[in-house]
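Peer 1: Structure below; questions to follow.
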Amino acid sequence: MTIGTPQPSEAPTDSGAEREAFQLLQARLPEMFREVFAHDEAPRSVVVLPSFSLDADVMAKITGVEHYEERMLCLLLLLRLPRTKVIFLSSEPMPESVVDYYLHLLPGVPVRHARQRLTLLSCHDNSPRPLSAKILERPRLMERILAAIPDRAAAHMTCFNVSGSERDLALRLGIPIYGCDPDLLPLGSKSGARRLFREAGIEIPEGSEGLGDSQDLAGALSALKAKFPDLRRAVVKLNEGFSGEGNAIFDFAGAPAGAGLETWVRQHLPQLRFEAAGMTWDLYEAKVREMQAIVEAFIEGSSKRSPSAQFRVDPTGGLEVISTHDQVLGGSAQQIFLGCRFPADEAYRLEIQNEGLKAARLLRDRGVIGRFGVDFISVPEAGVWRHYAIEVNLRKGGTTHPYLMLQFLTDGRYDPASGLYLAPGGRPCFYCASDNIEDERYRGLTPDDLIDIAVLNGLHFHAATQEGVVFHMFGTLSQFGKFGMVCLGGTPERARELYDEALAVLDRAVR
């Protein structure tokens, strides 16, 4: 390789200098992609930073969010590449039994060999702040991270999402990030996504964006109701909401027509029905002023679906479709992400893929790299599906780790012509996955308990059949009675059957 080995440096204090330095760092990625990424046997180091650099107040509404860093433990399966070193960073130490669970999933790699190439480093700090910020406060920890990287010219960082903190950390370590430049994040806000969809010619729900206070909300809601008198409900979304937790429903029941409509709406705004548990109007209104919001017509329909399409732009500008999913939603108005099914329904998966590609091409042209997703609301009308684009996620999401588990465990490929994932022998693979399996009866179960139950009942992935069950988010189990699971099968029905069987086993275990 011709890339010079960089030296770690202090992040520049001037924001313009910092941006320039980050661009120079990122400019190393294309050559690294050609020289390292393209060859499984090439030596490399991957620093995994599962930092949730999102709004702390919104994130705090998610049960067990302090353990969501565990979702990126799926990247330990990169150790299947024989000369790859993984440095996994976390707020709290990862239990050895959980690490061992993942390493035993590696196909054809002795656990001892993989463990020698894995470095686990922790801040020992479970405070509700982004992991990247915690690491930046710990210069000795950063020294240990640097010591674990044998060659920074063949190293990169992968993150859940990239904010200014992750950019600062990349500059301090002298390694690039395979992810979206934080200067481009407005493209993935709720307001930015609506503007992007319009430019791409993708249908979106009627509504307004860039709303900065309660007066803007009242004006947008009343204008929407005046334009569509039969509209029953509308959705208000915080610009930087996560997993539906920043959404709220406004009910127009009893709304007057005519001049008194906006006054009525303003008076009823405090009665918004929030999807996030414990959210109040005062806090929500403050968040609207802080990050802005959008208003959209609530799409009604008894057969409504929530599909999504995932894409990746590589450092050389190559754009590929990764997957489609049907999202499983919950909450009072079906706004909260609970899990997903892969792939999306055959009736519309290619339509979703093609519509999402329109937005993906614009994002690539604006300089976005890494993984991202486009979410839709789909309803059947007159025998065909009508799709409304609602969101862009310029980060990894709830569909990322299940798909990576499928990819790492089967070593297959996504076929964009059919929308199916094909194992090496050509057999299609399907899965059901959830991050939000929660039951009071599961409280008190430790990660070791769950692993014991899985082993005793054969709840594991079978390499011979390429079917089975993989658990994740062990850390939320004992305190919250919550965990995650990916169930892979040769048909959609088989994947669902494995999912139901696993829950039945756990229910018997805690009965």
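The values are calculated or read from the model by the stated rules, or taken from the named source; none is laboratory data. The shown structure was predicted, so the numbers you read here are calculated from the model rather than taken from an experiment. FYI the Cβ positions are ideal-geometry reconstructions off the backbone, even for glycines, and counts take in every protein chain you see. All accessible areas refer to the heavy atoms of the entire protein, side chains included, with ligands and DNA or RNA removed. Shrake-Rupley method; radii C 1.70, N 1.55, O 1.52, S 1.80 Å.
Peer 1: At pLDDT below 95, buried (at least 17 other Cβ atoms within 10 Å of the Cβ) and out of contact with any Ser or Thr (no Cβ under 8 Å at 6 or more places or on another chain): is that true of Glu290 in this structure?
Peer 2: No, not satisfied.
Peer 1: Turning to a different aspect of this structure: Within the range 422-438, which residues are surrounded by 20 or more Cβ atoms within 10 Å (Cβ to Cβ) and under 20 Å from the mean Cα position of the chain (by Cα)?
Peer 2: Across the range 422-438, the qualifying residues are Phe430, Tyr431, Cys432, Ala433, Ser434, Asp435, Asn436, Ile437.
Peer 1: Mind telling me which of the residues Arg441, Arg386 ends up being over 15 Å from His472 (Cβ atoms), of a type outside the set (A, V, I, L, M, F, W, C), open to solvent by 10 Å² or more (accessible area, probe 1.4 Å) and in contact with a helix residue (DSSP H, G or I) (Cβ under 6 Å, 6 or more places away or on another chain)?
Peer 2: Arg441
Peer 1: Could I ask something else about it? Evaluate the range 182-200: report whether one residue or more is among the acidic types (Asp, Glu) and surrounded by 19 or more Cβ atoms within 10 Å (Cβ to Cβ). Reasoning before the result, please.
Peer 2: Filtering the range 182-200 for residues among the acidic types (Asp, Glu) gives 183, 199.
From the residues that got through so far, the ones that are surrounded by 19 or more Cβ atoms within 10 Å (Cβ to Cβ) too are none.
Within the range 182-200 (the criterion being among the acidic types (Asp, Glu) and surrounded by 19 or more Cβ atoms within 10 Å (Cβ to Cβ)), the answer is no, since none of the residues qualifies.
Peer 1: Let me ask you something else. What number of residues within the range 477-511 are assigned to a helix (DSSP H, G or I) and closer than 17 Å to Thr410 by Cβ?
Peer 2: 4
Peer 1: So how many residues does the range 1-56 have that are within 28 Å of Glu92 (Cα to Cα), aliphatic (A, V, I, L, M) and at pLDDT 65 or above?
Peer 2: Total meeting the criteria: 6.
Peer 1: Pick out, from the range 354-427, the strands (runs of 3 or more DSSP E) lying fully within it that include 1 or more residues that are under 18 Å from Pro186 (Cα atoms).
Peer 2: Hits in the range 354-427: 370-381, 384-393.
Peer 1: While we're here: Based on what the data block shows, is Ala114 at pLDDT 95 or above and either assigned to a helix (DSSP H, G or I) or out of contact with any strand residue (DSSP E or B) (no Cβ under 8 Å at 6 or more places or on another chain) (or both)?
Peer 2: Working: at pLDDT 95 or above: yes; either assigned to a helix (DSSP H, G or I) or out of contact with any strand residue (DSSP E or B) (no Cβ under 8 Å at 6 or more places or on another chain) (or both): yes.
Criteria met by Ala114.
Peer 1: From (1) part of a helix (DSSP H, G or I); (2) crowded, with 17+ Cβ neighbours inside 10 Å; (3) within 25 Å of the chain's Cα centre (by Cα); (4) not small (Gly, Ala, Ser), pick out the condition that doesn't hold for Arg129.
Peer 2: (1)
Peer 1: Limited to the range 144-160, what total is found for residues that are more than 16 Å from Ala27 (Cβ to Cβ), assigned to a helix (DSSP H, G or I) and open to solvent by 20 Å² or more (accessible area, probe 1.4 Å)?
Peer 2: Number satisfying all stated conditions: 3.
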